[in-house]
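Participant: Before we start, here is the structure in question, set down as structure tokens.
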Amino acid sequence: MRGKASITADLRRLGLRPGDLVMVHASLKALGPVEGGAAGVAQALLDAMGPGGTVMGYASWDRSPYEETLNGARMDEDLRRDWPAFDPRTAGTYRGFGLLNRFLAELPGARRSAHPDASMVAVGPLAGALVEPHRLGQALGEGSPLERFVRLGGKTLLLGAPLDAVTVLHYAEAVADIPGKRRVSYEMPVRGPDGRTIWEAATDFDSNGILDCFAVEGRPDAVETIARAYVATGRHREGMVGAARCHLFDAQDIVAFGVGWLERQFGSAPHPRSRRDGRDIRTGQDDPI
């Protein structure tokens, strides 16, 4: 069994520094036995970055009715009536995105974003700035915590997680100027001003396949395809943490790579400047005009 101090040392060798902003995706099974389990891994991660560091995870919601309402699907009325409204203060996390997120959400000072299905959890000085606001229709693209994570110079950490887990590349999908993007509609239960549950409809980009060619069962999606191409360039850090081979990516760099890759493969705009505010949509930096 590895101690927390050993995991912290491994993380620092991989490239984590005091004050870093990190989005983590973890396979606890791949890491092997660690003192304190998931809570120990979370503490080791925080220790590696110190009190000035911030960690973010993709929490989602264990009661998200995304599939049940996807693209016009209708829920049973009794089920719909009894479905709880999303409350970021108490909502459970989706286990499919890793057990570590549950422990992050339970840490003192943890903040959750308000999008029920795409809810992010963050702990540290930048937590509030990352998670608010997070509106329906802005799950993983512009206006989302992912956009702010990129603009704030974050790093993506895969702790034994596969390359298809690089969630920040969904932001690259959203901002890349390519034709034929798939969109989805869904409904989410939220708490209204009077305390009653309100079902709100939303449309967003399809994170399960941004283009038809990436929505084929059994084939890699765009996230995995881009991540593998990026790793092949060697512009990342890679090493062992515990028993797991891990990857550390600069978020701005991998997003810029992903946007460029998508636009080269499927049709690009002449300039990546955001039509919204004149800032580079890949990095959030002002354009040198």
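Participant: On the given criteria, is Arg237 modelled with pLDDT of 95 or more, surrounded by 15 or more Cβ atoms within 10 Å (Cβ to Cβ), at negative phi and of a type outside the set (Val, Ile, Thr)? Outline the logic, then answer.
Facilitator: On the way: modelled with pLDDT of 95 or more: yes; surrounded by 15 or more Cβ atoms within 10 Å (Cβ to Cβ): yes; at negative phi: yes; of a type outside the set (Val, Ile, Thr): yes.
Here the answer is yes, as Arg237 does meet what is asked.
Participant: A follow-up question, please. What helices (runs of 4 or more DSSP H), lying completely within segment 56-159, carry at least 1 residues that are over 16 Å from Leu21 (Cα atoms) and in contact (Cβ under 8 Å) with a residue 40 or more places away in the chain?
Facilitator: Working: elements: 66-69, 77-82, 100-106, 127-131, 145-151.
Because the criterion is at least 1 residues that are over 16 Å from Leu21 (Cα atoms) and in contact (Cβ under 8 Å) with a residue 40 or more places away in the chain, the helices (runs of 4 or more DSSP H) in segment 56-159 that meet it are 66-69, 77-82, 100-106.
Participant: Mind checking whether some residue in segment 197-217 is buried (at least 23 other Cβ atoms within 10 Å of the Cβ), touching a residue at least 12 places away in the same chain (Cβ under 8 Å) and closer than 21 Å to Tyr66 by Cα?
Facilitator: For segment 197-217, residues buried (at least 23 other Cβ atoms within 10 Å of the Cβ), touching a residue at least 12 places away in the same chain (Cβ under 8 Å) and closer than 21 Å to Tyr66 by Cα: present.
Condition check ((1) surrounded by fewer than 22 Cβ atoms within 10 Å (Cβ to Cβ); (2) in contact with a strand residue (DSSP E or B) (Cβ under 6 Å, 6 or more places away or on another chain)) across all residues:
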position	(1), (2)
Met56	no, yes
Ala85	yes, yes
Glu132	yes, no
Leu157	no, yes
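Participant: What's the number of the condition Leu262 fails, among (1) touching a helix residue (DSSP H, G or I) at 6+ places or on another chain (Cβ under 6 Å); (2) modelled with pLDDT of 50 or more?
Facilitator: The one condition Leu262 does not meet is (1).
Participant: If a residue has to be crowded, with 19+ Cβ neighbours inside 10 Å and not in a helix (DSSP H, G or I) to count, how many in segment 29-46 make the cut?
Facilitator: 1
Participant: A follow-up question, please. Give the residue, chosen from Ala172, Ala114, that is buried (at least 24 other Cβ atoms within 10 Å of the Cβ), out of contact with any Cys (no Cβ under 6 Å at 6 or more places or on another chain), over 14 Å from Thr54 (Cα atoms) and small (Gly, Ala, Ser). Reasoning before the result, please.
Facilitator: Details: Ala114 fails: buried (at least 24 other Cβ atoms within 10 Å of the Cβ).
The conditions single out Ala172.
Participant: Looking at (1) surrounded by fewer than 21 Cβ atoms within 10 Å (Cβ to Cβ); (2) in contact with a Gly (Cβ under 6 Å, 6 or more places away or on another chain), can you tell me which one Val121 breaks?
Facilitator: (1)
Each row is one residue, and each column tells you yes or no for (1) within 27 Å of Arg74 (Cβ to Cβ); (2) over 22 Å from the mean Cα position of the chain (by Cα); (3) at pLDDT 95 or above.
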| position | (1), (2), (3) |
| --- | --- |
| Asp177 | no, no, yes |
| Ser185 | yes, no, yes |
| Asp204 | yes, no, yes |
| Asn208 | yes, no, yes |
| Leu211 | no, no, yes |
| Pro220 | no, no, yes |
| Gly267 | no, yes, no |
| Arg282 | no, no, no |
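The values are calculated or read from the model by the stated rules, or taken from the named source; none is laboratory data. All figures in this text were calculated on a predicted structure; none of them were measured in a lab. Glycine also receives a Cβ, built like all others from the backbone with ideal geometry; neighbour counts cover every protein chain displayed.
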